[in-house]
Amino acid sequence: MIGTVARYQQITRNIDRTLGALSLRPEVKRESDHYLANIRSVKSAEEFLRNDRLYNFAMTAFGLKDMIYAKAFMRKVLTEGVEGPKSFALQLSDPRFREFAEAFNFVRFGGTTTAFDRTQQGTVDRYLRIQLETDAGRGDEGVRMALYFQRKAPEVGSVFGLMGDPALYKVIQTVLGLPPSYSNTNVDTQAAFIGSRINIEDFKSPEKLEAFITRFTARWQVANGGAAQALPPIGLSRPTLTTFDNALLLSMQLLKGIDR
């Protein structure tokens, strides 16, 4: 079987071609075409929430598939928008909700919200990337984590931001050779140690980011038998530990994030 390093490089060597091929897969093309053909007709947050197929597609595209069921929660995200510091989305620690409210900003743009590229092709592009990562994880969870790290790490503004995302933190732990039990160490102690070993500004450099991911994939491959293996997913799109239930996820979202 192909190893983690080679599989990641195979996918990313020409990422546009990879995503292009994915976009032509029948089930992906069907959902994408339906979304593009119909999203422009949605003129309000309520219409959006009532249209399960469009809403589910968009939620998946923004990495929020695990929150599709929480329509009352998402209604509050959409109806308050991002127009003031006290708006609901800006009070949440998870930036995915802010990104969703910014893209589908019915508060500011009303019926023209879905006329923008970010709600049309921009959302489809996000959907394709999420689908790519999901597919990669079915064969090798290490590849999925590497792709996720490539996408998300440049957006993180602090060591605490890395630690707050279990998938990003798993990559960091793997590269630094930290055991899982290290997560039980005092948070400030962990942050100080990681900060002494990693400059998060490096992740904004494509070359340095790829060098770091290469270190991760190599270590992951060695630690997991040297070849691609299907491993239990660790919840890449979740902002909190995957052992938390959904009720706790919702309550934790009400805390202001330390990375903001």
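A few notes on this one:
Conditions tested, residue by residue: (1) hydrophobic (A, V, I, L, M, F, W, C); (2) more than 14 Å from MET145 (Cα to Cα); (3) modelled with pLDDT under 95.
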| residue | (1), (2), (3) |
| --- | --- |
| PRO179 | no, yes, yes |
| LYS208 | no, yes, no |
| THR214 | no, no, no |
| VAL222 | yes, yes, yes |
| GLY257 | no, yes, yes |
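- Of the residues making up region 129-151, those that are under 16 Å from ILE15 (Cα atoms), open to solvent by 20 Å² or more (accessible area, probe 1.4 Å) and either in contact with a His (Cβ under 7 Å, 6 or more places away or on another chain) or not polar (S, T, N, Q) (or both) are ARG129, ILE130, ASP135, ARG144, ARG151.
- Lone qualifier among SER44, SER32 - being crowded, with 19+ Cβ neighbours inside 10 Å and either in contact with a Phe, Trp or Tyr (Cβ under 7 Å, 6 or more places away or on another chain) or at pLDDT 95 or above (or both): SER32
- Search result, residues across region 108-121 that are open to solvent by 20 Å² or more (accessible area, probe 1.4 Å) and in a helix (DSSP H, G or I): ARG108, PHE109, GLY110, GLY111, THR112, ALA115, ASP117, ARG118, GLN121
So that you can scan it fast, the table gives a plain yes or no per residue for (1) among the polar types (S, T, N, Q); (2) closer than 24 Å to SER93 by Cβ; (3) in contact with a helix residue (DSSP H, G or I) (Cβ under 6 Å, 6 or more places away or on another chain); (4) surrounded by 22 or more Cβ atoms within 10 Å (Cβ to Cβ):
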position: GLU155; (1), (2), (3), (4): no, yes, no, no
position: SER158; (1), (2), (3), (4): yes, yes, no, no
position: ASP165; (1), (2), (3), (4): no, yes, no, yes
position: LEU178; (1), (2), (3), (4): no, yes, no, no
position: GLN190; (1), (2), (3), (4): yes, yes, no, no
position: GLY195; (1), (2), (3), (4): no, yes, yes, no
position: LYS204; (1), (2), (3), (4): no, yes, yes, no
position: THR214; (1), (2), (3), (4): yes, no, no, no
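- Taken together, the residues in region 22-65 that are touching a Lys or Arg at 6+ places or on another chain (Cβ under 6 Å) and farther than 23 Å from ALA115 by Cβ amount to 1.
- Within region 128-160, considering residues that are more than 11 Å from the chain's Cα centre (by Cα) and among the hydrophobic types (A, V, I, L, M, F, W, C), the one farthest from ARG219 (Cα to Cα): LEU128
- Of residues in region 15-26 being open to solvent by less than 80 Å² (accessible area, probe 1.4 Å) and free of Cβ contacts under 8 Å to residues at least 24 places away in the same chain, the one nearest to the chain's Cα centre (by Cα): ILE15
- There is no residue in region 2-14 that is closer than 17 Å to THR123 by Cα, open to solvent by less than 60 Å² (accessible area, probe 1.4 Å) and either at pLDDT 95 or above or in a helix (DSSP H, G or I) (or both).
- Residues being open to solvent by 30 Å² or more (accessible area, probe 1.4 Å), closer than 16 Å to GLN120 by Cα and among the small types (Gly, Ala, Ser) - total across region 53-107: 0
The values are calculated or read from the model by the stated rules, or taken from the named source; none is laboratory data. Computed from a predicted structure; not experimentally measured. A quick note on method: Cβ atoms are made from the backbone with ideal geometry, for glycine too, and the neighbour counts reach across all protein chains shown. Each accessible area value is taken on the protein alone, full model and side chains, heavy atoms only, with ligands, DNA and RNA left out. Shrake-Rupley method; radii C 1.70, N 1.55, O 1.52, S 1.80 Å.
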